[in-house]
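All remarks here apply to the structure that follows.
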Amino acid sequence: MNNKKTYFISGGGTGGHIYPAFTVVEKLLKEEDTDKVYFIGNPKNLEFDIAKHYENVTFLPVDVTGMPRKLSFSFIKWGLQLIFAYIKALKYIKKHKPNCVFTTGGYVSAPIVLASMSTKTPYMIHDCDSIPGLVSKMAAPKANIVSIAFENSKKILKSKNIIFNGNPVREAFFTITKEDARKTLNIAENKCIIFAMGGSQGAKTINTAMINILEKLSKNENNYIILQTGKNKFDETVEELEKIYPEYKNNPNILVRPYFDDMVYPLKACDIVISRAGSVSLSEILQCGTPSILIPYPFAAQDHQRKNAKEMVERGTSLYIEDNECTGDTLLSALNDILSNKNKLFNMSEAAKNFAKNNPTQKIVNQLKSIIK
């Protein structure tokens, strides 16, 4: 008797939905009882580009976009688009017969969620943010399991089976040590590493604030500063930095990069991180047990980054600066507040470790298997 399982995975539109979904995909591919994994997404989006790197994942395309917020011709067009995508998802289920469906939300996952409801295919959803999205709200009541990354989501999602798992995080965050990360980056173990990042696209607010304080921070020989500018903002950031501190390239305690191909190394290596408040970044920061200063992106959907950051502050893991208040002076003050107080630094680190969930990816995979009939 063949006990191998077939899984449908979906989630897309933004990295916050896509990366957690593929973390679960990676785990499923390593499970002995996995037969096939299919990823349902929009071929015009990032999820398609990522799926191409997985030989054992078949991509099933659905043509669907985000819902227009106003009643207009665009809304009618979107409604028709969703209907066709739903019909396509029904055909995928009939053809491939998945044992269950797992989604991380986003508009891309709406067709397969609706198709799962219609065909009574078991499905599990995971919402990555403190403020759940529209698809998660729609899918939660009939989902076999609702997994959440932030406690606040419990107040919003309607389900009798909500489990606080935390976000799926790659295995490297559990296996690579601080010492390993520092050796890889060629940074001495006795340095206090400050890592500022704004994601792959970068954050101009964070870059500008860091430009103004890099020289001051580097005057302390104990400090080592890493600035990830974002791919598209590297040239302009370096140009501005050279105006203020032209000798920075000769400073052995400063590293300015457009992007890190593997974020596990700078995040594991650092003693404090300055970041936006996207759910994936926060989950990785928590798994590293790293204190953080968060500057939420003010235009995030449903203001979810600010809500994410506030929950982190309530847990004692982070300080929080509004985007329009983030200057070199305010950032330097926040850094000094933490770094000058070893007890505070230790307590924030412990709070991060306590908030981080133990191996959330494996828990999610186990729960997903449990819903199979």
With the charge dipole of the stretch 172-355 built from beta-carbon charges (+1 for Lys and Arg, -1 for Asp and Glu) about the Cα centre, the Cα from GLN305, ALA269, ILE211 projecting farthest to the positive end belongs to ALA269
Taking a straight Cα-to-Cα line shorter than 16 Å from LYS137, and setting aside same-chain lysines fewer than 8 residues away, one finds LYS154, LYS155, LYS158, LYS160
Measuring from the longest principal axis of the C-alpha atoms of the chain, the long axis of helix 110-119 (C-alpha) lies at a number of degrees, nearest 10, equal to 30
Quick calc of log₁₀ I(q)/I(0), the stretch 172-355, Debye, one scatterer on every Cα, no solvent, q values 0.08, 0.11, 0.17 1/Å, result -0.22, -0.42, -1.10
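Mind checking the stretch 89-167 for trypsin sites (Lys or Arg not before Pro) that DSSP puts in a loop (not H, G, I, E or B) and that have at most 12 other Cβ atoms within 10 Å? Could the numbers behind the result be given before it?
Details: sites: LYS91, LYS94, LYS95, LYS120, LYS137, LYS142, LYS154, LYS155, LYS158, LYS160; in loops: LYS120, LYS158, LYS160.
Loop-located and lightly packed - LYS120, LYS158, LYS160.
Run lengths n ≥ 4 of DSSP H only: what is the helix-derived mean residue ellipticity at 222 nm for the chain, with -39500 (n - 2.57) per run over all residues, to the nearest 500? The partial results should precede the final answer.
Details: 15 runs with 164 residues, N = 373.
Helix contribution divided over all residues of the chain: -13500 deg cm²/dmol.
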Semi-axes (Å, rounded, descending) of the ellipsoid equivalent to the stretch 1-50 per its C-alpha gyration tensor are 23, 11, 7
Checking ASN308, ASN56, ASN220 against a Gaussian network model of the chain (alpha-carbon springs below 10 Å), the top fluctuating residue turns out to be ASN220
Counting sequence-distant residues (5 or more places) and residues on other chains, those with an amide H built under 5 Å from that of ILE163 are VAL146, SER147, ILE148
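Percent relative contact order of the stretch 237-373, based on C-alpha pairs within less than 8 angstrom and at least six residues apart?
Numbers: 136 pairs, mean separation 29.3, N = 137.
Averaging sequence separation for qualifying contacts and normalising by length gives 21 percent for the stretch 237-373.
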For 284-297, 222-235, ranked highest to lowest by mean beta-carbon neighbours within 10 Å, the order is 284-297, 222-235
Here the alpha-carbon Rg of the chain over 2.2 N^0.38 Å rounds to 1.04
Taking Cα atoms, the helix 234-244 axis meets the longest principal axis of the chain at an angle in degrees (rounded to 10) of 20
Per principal axis, largest first, the Cα atoms of the stretch 255-373 extend in Å by 58, 33, 31
Given unit charges at Cβ for Lys, Arg (+) and Asp, Glu (-), the dipole magnitude of the chain about its Cα centre in debye, nearest 20, is 1940
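What shape does the stretch 1-135 have by the C-alpha gyration tensor, where a ≥ b ≥ c are the square roots of the eigenvalues, rounded means a/c under 1.5, and otherwise prolate means a/b greater than b/c and oblate the rest? Show your work: numbers first, answer last.
Working: a/c = 1.87, a/b = 1.50, b/c = 1.25.
In terms of gyration-tensor shape, prolate.
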Percent relative contact order for the chain, counting Cα pairs under 8 Å at least six residues apart, stands at 15
Longest principal axis of the chain (C-alpha) makes with the long axis of helix 15-30 (C-alpha) an angle, in degrees to the nearest 10, of 70
Sorted by chain and number, the residues with a modelled amide H under 5 Å from that of THR34, at a separation of 5 or more or across chains, are LYS5
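Would you mind computing the Rg to Rh ratio of the stretch 261-317 from its alpha-carbon coordinates, Kirkwood style for Rh?
Working: Rg = 11.1 Å, Rh = 11.5 Å.
Over the Cα atoms of the stretch 261-317, Rg/Rh equals 0.96.
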Reduced to Cα centres, the span from the stretch 85-119 to the stretch 146-185 in Å works out to 25
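Would you mind putting 264-274, 7-17, 180-190 in packing order, based on average other-beta-carbon counts within 10 Å, highest first? Each step should come with its number before you reach the end.
Details: 264-274: 23.5, 7-17: 26.3, 180-190: 14.4.
Highest to lowest by the protection proxy: 7-17, 264-274, 180-190.
FYI, it's all coordinate maths here, none of it is from the lab. These numbers were taken from a predicted model, which means no experiment stands behind them. In this analysis, Cβ positions are derived from the backbone assuming ideal geometry, glycine residues included, and neighbour counts consider all displayed protein chains.
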